[in-house]
Every structure is written in C-alpha cells, then in structure tokens.
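Asks: Please read through the structure below; I'll follow up with questions.
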Amino acid sequence: EPETDARSLVDMQLETFKNKTASLDWDAARKLGLSEYQVLTVASMVEPEARVPEERPLVASVIYNRLGSGMKLEIDATVQYALGYWKTDLTAEDLQTDSAYNTRLYGGLPPGPICNPGLDSIQAALHPASVDYIYYVATGDAAGHHKFTSSYDEFLQASAERQR
C-alpha cells in the first residue's frame with residue numbers, strides 16, 4: 001500500500017522469508033561449517049550461475065570444493081554484482097573491478113548475497129552434490145548447460161570446445 005513505510009515493508013519481507021524457508025534443513029548449514037547467512041550467500045551465487053535446475057547442486061559443490069581447497073571462487077556473477085549492472089560479456093577490465101564481491105580477485109565468500117536466491121538454490125547450497133568437480137564452463141547451448149570438470153586440463157579442453 002502507498003502508506004506502507006520502509007520498516008513495515010522490510011518486516012513483511014523478513015516474515016515471508018521466514019515462512020518460505022521454515023521447512024528447510026538449516027542443520028545442514030552447520031554440518032557444512034557455515035552459518036545460515038553464508039549458505040544464503042552461496043545460494044545467491046548458485047542462482048544466477050545455474051540456469052538448468054539439475055545443475056544447482058553441482059554448482060554448489062564446485063563452490064564448496066573450491067573453498068575447501070583454498071581456491072578463489074572466480075564466479076562471473078559476483079563480478080556482475082560488483083559492477084552494479086549486468087553485461088552479456090565481461091571484459092578483462094571488468095574482471096579487475098576492485099570489490100570485496102569480486103571473487104576473481106578475492107578469496108573466500110563475498111561479504112553477502114549477490115541476489116535473492118530461490119528455494120531451489122538454497123536447497124542446493126544446503127545439500128550440494130557429492131562430486132569432486134572444481135571447474136565448470138557454459139556449453140553455450142540455449143538451455144544454459146555447463147560442462148563440469150575435476151582438473152584444470154579438462155577445464156581448458158572444455159573452454160576450448162566452447163570457443164569453437
């Protein structure tokens with residue numbers, strides 16, 4: 001309603017979030033060694049990265065596997081967030097944007113979520129696939145599939161195939 005003040009609007013949003021996520025297994029966050037907020041941050045990266053629903057747990061697994069091995073996440077969606085607007089193709093200059101949200105420059109999780117993740121992405125962040133993938137490359141198909149790999153050499157090969 002036009003007379004709704006900002007505080008009331010935020011309270012409504014928080015209540016809606018609480019109701020929609022009440023049935024989620026938040027104990028899984030603790031088993032992953034994360035807070036609920038950190039899981040939401042992971043889910044917010046899964047959301048824009050995984051357009052194909054069955055790939056959400058795989059993308060989440062890549063994020064956790066990279067974190068676990070001390071690798072930078074290097075997620076393009078975080079660069080987009082750091083820029084403040086969405087671009088179809090990121091440039092080398094874009095990838096150097098100095099922001100704590102730029103996971104190409106800074107290790108670990110960004111300071112907070114980069115978008116409002118859906119329930120499926122939150123579920124994937126709470127229950128990632130049990131795989132050893134640490135890379136993925138968009139295949140370029142219309143559906144938005146990715147090729148997932150466990151080694152850098154496989155990643156380079158998948159990237160080269162994508163370029164062709």
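Asks: For the range 53-73, what are the residues that are outside any helix (DSSP H, G or I) and either closer than 13 Å to V42 by Cα or at pLDDT below 95 (or both)?
Replies: Once the filter is applied, which keeps residues that are outside any helix (DSSP H, G or I) and either closer than 13 Å to V42 by Cα or at pLDDT below 95 (or both), the range 53-73 yields only L73.
Asks: Let me ask something else about it. Name, by its number, the condition in (1) out of contact with any Asp or Glu (no Cβ under 9 Å at 6 or more places or on another chain); (2) more than 14 Å from L109 (Cβ to Cβ); (3) not in a loop (DSSP other than H, G, I, E, B) that does not hold for V79.
Replies: For V79, the exception is condition (1).
Asks: Looking at Y81, Y64, Y101, Y133, which one is touching a Gly at 6+ places or on another chain (Cβ under 9 Å) and of a type in the set (S, T, Y)?
Replies: Sole residue among the options that is touching a Gly at 6+ places or on another chain (Cβ under 9 Å) and of a type in the set (S, T, Y): Y101.
Asks: Continuing with the same structure: Just wondering, is there one or more residues in the range 40-50 that are surrounded by fewer than 18 Cβ atoms within 10 Å (Cβ to Cβ) and under 13 Å from the mean Cα position of the chain (by Cα)? Spell out how you get there, then give the answer.
Replies: Just the residues of the range 40-50 that are surrounded by fewer than 18 Cβ atoms within 10 Å (Cβ to Cβ), to begin with: none.
No, because not a single residue in the range 40-50 is surrounded by fewer than 18 Cβ atoms within 10 Å (Cβ to Cβ) and under 13 Å from the mean Cα position of the chain (by Cα).
Asks: Among the listed residues A138, A158, A92, which satisfies the condition of being at pLDDT below 95 and open to solvent by 30 Å² or more (accessible area, probe 1.4 Å)?
Replies: One residue alone meets the criteria, A138.
Asks: Got at least one residue in the range 119-129 being among the charged types (D, E, K, R) and crowded, with 17+ Cβ neighbours inside 10 Å? Step through it out loud before you land on a result.
Replies: First, pick out the residues of the range 119-129 that are among the charged types (D, E, K, R): 120.
With the extra rule that they be crowded, with 17+ Cβ neighbours inside 10 Å, the set shrinks to none.
Looking through the range 119-129, none of the residues is among the charged types (D, E, K, R) and crowded, with 17+ Cβ neighbours inside 10 Å.
Asks: Okay, next question. Based on this model, can you work out whether P110 counts as assigned to a loop (DSSP other than H, G, I, E, B) and buried (at least 18 other Cβ atoms within 10 Å of the Cβ)?
Replies: Numbers: assigned to a loop (DSSP other than H, G, I, E, B): yes; buried (at least 18 other Cβ atoms within 10 Å of the Cβ): yes.
Yes; evaluated as a whole, the condition is true for this residue.
Asks: Separate question: Got a sec? Which of D98, D120 is on the phi < 0 side of the Ramachandran plot and not in a loop (DSSP other than H, G, I, E, B)? Quick ask: steps written out before the conclusion?
Replies: Values: D98 fails: not in a loop (DSSP other than H, G, I, E, B).
Residue meeting the stated conditions: D120.
Asks: Picking from R66, R51, R56, R104, which residue would you name as being touching a Lys or Arg at 6+ places or on another chain (Cβ under 9 Å), touching a residue at least 60 places away in the same chain (Cβ under 8 Å) and under 17 Å from Y136 (Cα atoms)?
Replies: Answer to the selection: R66.
The values are calculated or read from the model by the stated rules, or taken from the named source; none is laboratory data. Since the model is a prediction, treat every value here as computed from it, not as a measurement. Please note: Cβ atoms are built from the backbone with ideal geometry, for glycine as well, and neighbour counts cover all protein chains shown. We work out accessible area using only protein heavy atoms, side chains counted, and drop any ligands, DNA or RNA first. Shrake-Rupley method; radii C 1.70, N 1.55, O 1.52, S 1.80 Å.
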